[in-house]
1. Here are some conditions: (1) in contact with a Ser or Thr (Cβ under 9 Å, 6 or more places away or on another chain); (2) aromatic (Phe, Trp, Tyr); (3) buried (at least 16 other Cβ atoms within 10 Å of the Cβ). Residue 264 meets all but one. Which one does it not meet?
2. Restricting to region 100-115, and then to whatever is of a type outside the set (Gly, Ala, Ser), surrounded by 13 or more Cβ atoms within 10 Å (Cβ to Cβ) and farther than 25 Å from residue 179 by Cβ, can you tell me which residue is nearest to the ligand (Cβ to nearest atom)?
3. Is there a residue in region 20-42 that is of a type in the set (A, V, I, L, M, F, W, C), at pLDDT 90 or above and within 16 Å of the ligand (Cβ to nearest atom)?
4. Within region 119-155, how many residues turn out to be crowded, with 20+ Cβ neighbours inside 10 Å, under 18 Å from the mean Cα position of the chain (by Cα) and assigned to a helix (DSSP H, G or I)?
5. Return the pairs, sorted by first residue and then second, in which the second residue is within 16 Å of the ligand (Cβ to nearest atom) and basic (Lys, Arg), the first residue lies in region 36-58 and is at negative phi and part of a loop (DSSP other than H, G, I, E, B), the beta carbons are less than 8 Å apart, and the residues are 6+ apart or on different chains.
6. So which of 125, 132, 138 ends up being touching a residue at least 12 places away in the same chain (Cβ under 8 Å), more than 8 Å from the ligand (Cβ to nearest atom) and in contact with an Asp or Glu (Cβ under 9 Å, 6 or more places away or on another chain)?
Amino acid sequence: MAKRRLRNLRALVQAVFGGARAQEAERQAEARRLRFRDGQAIPHHIAFIMDGNGRWATSRHLPRSMGHRAGVEALRRVVRLCNDYHVPMLTVYAFSTENWGRPPEEVSALMGLLWETIRNDVDRLNREGVRLRHVGRLEGLDQDIQEAIHWMEDLTRANDKLELNVCFNYGGRAEIVDAVRQIIAAKLPAGEVTEDTISSYLYTRELPDPDLIIRTGGEMRLSNYLIWQAAYAEYYSTATLWPDFSEADFAAALDAYASRKRRFGKTDAQLAEEAAARSNDPRADSSGDVGDSSNGSRPQPATKGSL
Ligand code: FPP
């Protein structure tokens, strides 16, 4: 009897304080979102290297494939965060051309996960206004996966709430090789090949370059990810393993981004002059959309002589 009473009391205390803790966490999250909405520079395009799934699983004595499965949950979370924080474009590195070298059971688990995620999530994402794109080589993927990719791209083409690009069978060097092959096949005269020409032959030809690249799992390298497009991206690395990536991690990355000064190879004095010119430009509205090169909007990168 006494034991039961104690159990009930414990459950009551947990319900009251657990609920209060959840409420407090939500209050803090909302405060963070409001602070970002309130004038803090937000990257237009965030690209993730979702690293650490294997370590997450191994530390729990689970097969690595369970880490990738938990990684899909983290991706769902990050899609929601992009909506909450008004980040309009998200690109993720889900399978690299080098990942074919992993044990066959892991490769097949990753293929299965892509298939399953398309089957389970695309209708909902479509209803939520998310446009989905595949970035990478279709060649080499099974026919049914290729068809599923075409289907998700066609279905979501008109959506514009969030653009989600999934790099699958993607490698930055392979992308450049494919672009060069197409340029040669198109017989473009060498003198006419510019940086813009190359960009226009990449898989990402329709996309702006990423503003912020976030890598989880503590490593500090690009691993053949968007190597052309990353030329002027800001980098952020966190020790958090991808399946554990939380709203607090996301907000910390956005905070770091907002504190960076993006100069695109120019000097502070030039940036100040440009800002002054913009403030006299009648086309400039209060959102700074004519091109705030200190941060946040999408200034065009300088193409010459910059460090
Ligand atoms: C790197 O972690 C992660 C990958 C190679 C795969 C990432 C895939 C997902 C998050 C899920 C798949 C997403 C879709 C859309 C199907 P790792 O395995 O190298 O981790 P480790 O460094 O701890 O070993």
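1. Failed condition: (3).
2. Restricting to residues being of a type outside the set (Gly, Ala, Ser), surrounded by 13 or more Cβ atoms within 10 Å (Cβ to Cβ) and farther than 25 Å from residue 179 by Cβ, the top hit is 113.
3. no
4. Selection size over region 119-155: 1.
5. Going by the 8 Å Cβ cut-off, the qualifying pairs are 51/215.
6. Details: 125 fails: in contact with an Asp or Glu (Cβ under 9 Å, 6 or more places away or on another chain); 138 fails: in contact with an Asp or Glu (Cβ under 9 Å, 6 or more places away or on another chain).
From the options 125, 132, 138, the qualifying one is 132.
Okay, residues lined up against (1) within 15 Å of the ligand (Cβ to nearest atom); (2) under 21 Å from residue 89 (Cα atoms):
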| site | (1), (2) |
| --- | --- |
| 121 | yes, yes |
| 149 | yes, yes |
| 158 | no, yes |
| 171 | yes, yes |
| 194 | no, no |
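The values are calculated or read from the model by the stated rules, or taken from the named source; none is laboratory data. Just so it is clear, the model here is predicted, and its values are computed rather than measured. Glycine also receives a Cβ, built like all others from the backbone with ideal geometry; neighbour counts cover every protein chain displayed.
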